[in-house]
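The values are calculated or read from the model by the stated rules, or taken from the named source; none is laboratory data. These figures come from a predicted structure and were not determined experimentally. All Cβ positions, glycine included, derive from the backbone under ideal geometry; neighbour counts span all protein chains shown.
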């Protein structure tokens, strides 16, 4: 997905929110915004939104001197989600279609997004899972593909949300026992999940799971979404699942990927063929 003009003020607003989360003075806030505006004005805008946004958040970290402005928010959202883990896991295991409910839970967890909203209600998120209606619904195709899959790759999105992804992956592991990989950010980027965030959520409890890391935009921080390494990950897994808007923005031009997300901005909603607020399970055809 290509960046749009709407992405530019959106990332400026994200920079302000992240700098405030870092707890810096008004003078530093102004320094952040001035530098972000200057750098974005000089940047190439013919890129994906995440390619445009990663330098913005790197600038926030450099100017504020705070490596992970949302560290405490991520920890709290993960702990809050974990409070519901046992009950939700049990309900999903008893469901008529455990995979369907686990997919709904995973997508509902995508509402935990400090890049798109400043607050969220975990109780409301959990309560709405069973009634989830997909505006774009390729569930049957996902299930069919999983039934014959020997390997699954999931691109994780946010901390907190990863608890719901854990339940989905545990459900997949219980039903079909494929080899499972999870891609996380190599370092801080908004509230995206890192290895440490994933481990706090208990992702290592999923049988046979391995963690791989994609760059957070910092130099020498791992393979980018456009790299041959990531292309190889896609080729070597039978089913690829992408969570959230940022991963959709980065991977929507790839073939044979299942996208699970809540559309939170008009640009992404238009790209997936829905409206803001829609729950999406979309598949790009091979």
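Numbers below:
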{"item": "Residue that is in a loop (DSSP other than H, G, I, E, B), farther than 21 Å from residue 198 by Cα, out of contact with any strand residue (DSSP E or B) (no Cβ under 9 Å at 6 or more places or on another chain) and not assigned by TED's automatic domain parsing to the domain that holds residue 167, where the choices are 24, 32, 56, 37", "result": "24"}
{"item": "Checking residue 186 against (1) more than 19 Å from residue 249 (Cβ to Cβ); (2) modelled with pLDDT of 95 or more; (3) more than 13 Å from the chain's Cα centre (by Cα), the condition it does not meet", "result": "(1)"}
{"item": "Segment 123-155 - residue that is buried (at least 17 other Cβ atoms within 10 Å of the Cβ) and modelled with pLDDT under 80 and, of those, nearest to residue 171 (Cα to Cα)", "result": "129"}
{"item": "Matching residues, segment 60-99, being part of a helix (DSSP H, G or I) and either within 24 Å of residue 251 (Cα to Cα) or in contact with a strand residue (DSSP E or B) (Cβ under 9 Å, 6 or more places away or on another chain) (or both)", "result": "74, 77, 99"}
{"item": "Scan of segment 273-286 for residues that are closer than 22 Å to residue 234 by Cα and either modelled with pLDDT under 90 or within 16 Å of the chain's Cα centre (by Cα) (or both), ordered by number", "result": "280, 281, 282, 284, 285, 286"}
{"item": "Flag for residue 268 being assigned by TED's automatic domain parsing to the domain that holds residue 100, buried (at least 22 other Cβ atoms within 10 Å of the Cβ), in contact (Cβ under 8 Å) with a residue 60 or more places away in the chain and touching a strand residue (DSSP E or B) at 6+ places or on another chain (Cβ under 9 Å)", "result": "yes"}
{"item": "Single residue of segment 59-72 satisfying the filter (under 15 Å from residue 194 (Cα atoms) and out of contact with any helix residue (DSSP H, G or I) (no Cβ under 7 Å at 6 or more places or on another chain)) that is surrounded by the fewest Cβ atoms within 10 Å (Cβ to Cβ)", "result": "72"}
